[in-house]
Amino acid sequence: MGRVSQAQAEENRRRVVDTASRLFREQGMQVSVADLMKAAGLTHGAFYKQFASKEALVDEATAHAFAELARRHSTGLERHDGQRAAAQQALIDSYLSVEHRDDPADGCPVAALATDIAREGGGREARRVYAEGVADFADFLSGDDQDGLVRLCTLFGALVLSRATKGSPLSGEILAAAHGALTETS
């Protein structure tokens with residue numbers, strides 16, 4: 001089998017990072033390299049041509065997930081003509097939806113990666129990227145009279161609890177209660 005071109009190698013790397021980002025959010029970071037590469041449509045051996053270790057991929061996939069989140073926030077602002085409150089409301093509506101609850105692979109990395117990141121060593125790049133991503137998300141949610149960290153904690157907690165209780169009526173009640181708390185007008 002011949003060597004792949006530089007362009008193909010770069011495309012393969014992007015595919016692995018994107019696949020890892022989705023699988024880590026959906027299944028956790030314990031996903032094996034073999035399963036990850038199979039999902040990306042590549043061989044297990046190709047992994048080691050692209051990454052020094054699984055930890056290096058975790059770092060890159062975490063950064064990828066948070067870059068994707070930042071793009072969504074930016075797109076939301078553009079969609080609402082720079083009106084921060086309208087973009088925040090749209091985000092809350094989407095975040096606390098059944099669709100988001102049921103799709104962790106494409107969902108928020110704050111909620112999906114929290115437990116795995118908490119188990120990571122303190123000096124890891126993934127933990128630094130996660131902390132910066134949380135701070136940026138809270139900043140996006142803040143406003144003149146709102147504390148972005150409180151809003152983020154409410155969103156995060158509701159989503160995690162709703163996912164954990166999926167299949168019971170409580171799951172929807174959690175989403176509705178958090179939505180109501182975050183959209184009350186003062």
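One table, with the values for the structure above:
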quantity: Residue in the stretch 38-77 that is nearest to the chain's Cα centre (by Cα), counting only those that are β-branched (V, I, T) and in a helix (DSSP H, G or I); calculated: T62
quantity: Every residue from the stretch 1-35 that is among the hydrophobic types (A, V, I, L, M, F, W, C), in contact with a helix residue (DSSP H, G or I) (Cβ under 7 Å, 6 or more places away or on another chain) and under 13 Å from F51 (Cα atoms); calculated: V16, V17, A20, V33
quantity: Residues located in the stretch 44-57, provided they are in contact (Cβ under 8 Å) with a residue 24 or more places away in the chain and either open to solvent by 40 Å² or more (accessible area, probe 1.4 Å) or of a type in the set (S, T, N, Q) (or both); calculated: K49, Q50, E55
quantity: From the options G167, G157, residue that is farther than 22 Å from A61 by Cα, exposed (fewer than 13 other Cβ atoms within 10 Å of the Cβ) and not charged (D, E, K, R); calculated: G167
quantity: The stretch 167-186 residues that are of a type outside the set (F, W, Y), paired with ones that are part of a helix (DSSP H, G or I) and open to solvent by 60 Å² or more (accessible area, probe 1.4 Å) (beta carbon under 6 Å, 6 or more apart); calculated: I174/L161
quantity: Identity of the residue in the stretch 58-101, hydroxyl-bearing (S, T, Y) and farther than 19 Å from R13 by Cβ, that ends up surrounded by the most Cβ atoms within 10 Å (Cβ to Cβ); calculated: Y95
quantity: Restricting the stretch 102-118 to residues that are not aliphatic (A, V, I, L, M) and not in a loop (DSSP other than H, G, I, E, B), the residue that is least open to solvent (accessible area, probe 1.4 Å); calculated: P109
quantity: Residue identified as assigned to a helix (DSSP H, G or I), of a type in the set (A, V, I, L, M, F, W, C) and more than 19 Å from the chain's Cα centre (by Cα) among A126, A177, A90, A135; calculated: A177
quantity: Filtered residues of the stretch 1-35 (kept if open to solvent by 80 Å² or more (accessible area, probe 1.4 Å), among the polar types (S, T, N, Q) and under 17 Å from the mean Cα position of the chain (by Cα)); calculated: Q27, Q30
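The values are calculated or read from the model by the stated rules, or taken from the named source; none is laboratory data. Remember, predicted model here, so these are calculated numbers, not experimental data. When we count neighbours, we look across all protein chains shown, and the Cβ atoms used for this are built from the backbone with ideal geometry, even at glycine. Protein only, heavy atoms only, side chains kept; ligands, DNA and RNA dropped before computing areas. Shrake-Rupley method; radii C 1.70, N 1.55, O 1.52, S 1.80 Å.
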